[in-house]
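Just below is one structure, and these are the notes that go with it.
Read the figures in this text as sums done on the coordinates, not as results from a lab. Just so you know, these numbers come straight off a predicted model, no measurement behind them. Virtual Cβ from ideal backbone geometry, glycine too; neighbours counted across all protein chains shown.
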């Protein structure tokens, strides 16, 4: 029997909560926070090249996104083949005022109604982080609101705790990361059972994170060189297929059907020159293109993608030296497919091995690369096969990239666990919070 509850949060075991005459009589324990009060949090994310502002409400029903504004700089940085930090910071400065106005208008919220402000304080590009943190500190001071600093990866993990039905949202809106006022519908969030093993995959991080409870993190494996998202970007640059690399490589990989060596001719409708070039490409390709799976059989749970990227570079140089441009381009889908599969094989294998040892009840996928369809599907199949009693949880596709809603979600959980004294101290967050490009998650 439960006679009283902590003023800020309680834990529930299942969706069974017994209430009589307005009084809570019994809660079956499930190790998940149920938010005890309505809380409004405005959040800011500027760790890289996305300017993002969100307003989120937490309540007994779960987490509700009132607005999730994201301004992408992909087109701006594409001509450089990657993010230019100072250019990103300049765009954040330009975008922030209009995004803030749009967020408050769409959420129909005034600053006085907010309970707290949260901001990504790191890790990330220091010029970009400086803009977001300084804006957050300014708003905290002017509006006299508590300020909470959030680790960027913590935000990606907590994107899994936001449930959306995404009704009425067109595919092109999701692709452009544009949300409409009614695109999110409040529904009870899934009760994710601990311990959790989170596979975090992004442009800056590749980690296996063990969580025994909310906001408790133990990194049991991480990349020793390039992050997997960084490797995708570099391979896309090597192949000349554009930026950002993740979607570009995935698109090319999806076009691959069979090894080029399996075909007798490119097409019956092809010219003799095209068939000649196709045959020349076949001669240089092995029956099956195979790239290495770095550290696949190591006993630890660390990753390495630098050598894989280098293998793609050497193979590409060899083909470019010996083939006409048109023939070389025929091989790009196969190269992308094998590179992507090599990455997935390592990520899935390490995750399953870690889960077999640490025995989590839930496996989460998080980070920008979690949008990769093949990774989502292949990890799910591996879990079903090897760990049938383990729950597999994915973030909504439109919350996989950098956004402020995920930062607000993490802040909501931190806010619920804070004492009144800690909340009061957060009023001075504008004095103490500083951006940290190498911030550690703890």
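Below is a table of values for the structure above.
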{"item": "Listed peptides 385-397, 333-345, 89-101, 150-162 by packing density, highest first (mean Cβ within 10 Å)", "result": "150-162, 333-345, 89-101, 385-397"}
{"item": "Burial order of peptide ranges 198-207, 423-432, 139-148, 354-363 (average beta-carbon count within 10 Å, highest first)", "result": "198-207, 139-148, 354-363, 423-432"}
{"item": "The range 311-442 - convex hull of alpha carbons, volume per residue in Å³", "result": "189"}
{"item": "Span from the the range 400-441 Cα centroid across to the the range 72-103 one, whole angstrom", "result": "23"}
{"item": "Shape call, the range 108-168: gyration tensor on alpha carbons, a/c limit 1.5", "result": "oblate"}
{"item": "Among 223-236, 41-54, the order from most to least packed when residues are scored by Cβ within 10 Å on average", "result": "41-54, 223-236"}
{"item": "Compactness of the range 303-353 - radius of gyration and Dmax, Cα, Å", "result": "13.3, 44"}
